[in-house]
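Visitor: Got a structure for you, questions after.
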Amino acid sequence: MSHTASLGATAGVAATLTQNELDALRARLRECWNPPVGAAEAQDMQVLIRVNFNQDGSVIGSPVLIEGSASPYGPAFAESAIRAIRRCSPYSFLPPSKYEVWRTIDMTFTPRDMFRG
């Protein structure tokens, strides 16, 4: 079973993680993510990445691209999201008592949602 944690709007995990926990995840990823510049359609791009975590919040293996943009910039966009996930690890603020909830998370990266106020 996986949960979805969009960087803007979060679904799935929202029922079991608090808003503060979700906000912390979003803020952490925002610090680490540098989406590619120069793509006119970058604001509309979106990728879905599956991430598996150890109980200490570290990432297990490589995050997996589930869905990506068909744009010529799509591969660079997806790689930037994967780099951010790796760079931010470990996610030690995730509560150990809720490990079953966040053991596997599908994260949606969209510049529009990530960088909104």
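Conditions (1) of a type in the set (F, W, Y); (2) more than 13 Å from P111 (Cα to Cα), marked per residue:
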site	(1), (2)
R26	no, no
W33	yes, no
Q55	no, yes
S58	no, yes
I66	no, yes
P75	no, yes
R86	no, yes
S92	no, yes
P95	no, yes
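Visitor: Where in segment 49-117 are there helices (runs of 4 or more DSSP H), lying fully within it, with 2 or more residues that are under 14 Å from the mean Cα position of the chain (by Cα)? I'd like the intermediate steps shown before the answer.
Guide: Values: elements: 74-88, 99-102, 111-114.
It comes to 74-88, 111-114.
Visitor: Right, here's the next one. How many residues, within segment 42-79, are touching a strand residue (DSSP E or B) at 6+ places or on another chain (Cβ under 8 Å) and among the acidic types (D, E)? Step through it out loud before you land on a result.
Guide: In the first step, residues of segment 42-79 are kept if they are touching a strand residue (DSSP E or B) at 6+ places or on another chain (Cβ under 8 Å); the result is 46-54, 59-61, 63-69, 74, 77-78.
Filter once more, keeping what is among the acidic types (D, E): 67.
Matching residues across segment 42-79 total 1.
Visitor: Separate question: Against the conditions (1) at pLDDT 90 or above; (2) exposed (fewer than 14 other Cβ atoms within 10 Å of the Cβ); (3) assigned to a loop (DSSP other than H, G, I, E, B), where does A40 fall short? Just the number, please.
Guide: So A40 meets the others, but not (1).
Visitor: List the residue pairs whose Cβ atoms are under 9 Å apart, where the first residue sits in segment 8-26 and is under 26 Å from D44 (Cβ atoms), the second is at pLDDT below 50 and of a type in the set (K, R), and the two are 6 or more positions apart or on different chains.
Guide: Listed pairs, sorted by first residue: G8/R116.
The values are calculated or read from the model by the stated rules, or taken from the named source; none is laboratory data. As the structure is a computational prediction, the values presented were derived from the model and not from experiment. Note that we place each Cβ from the backbone using ideal geometry, even for glycine, and neighbour counts take in every protein chain shown.
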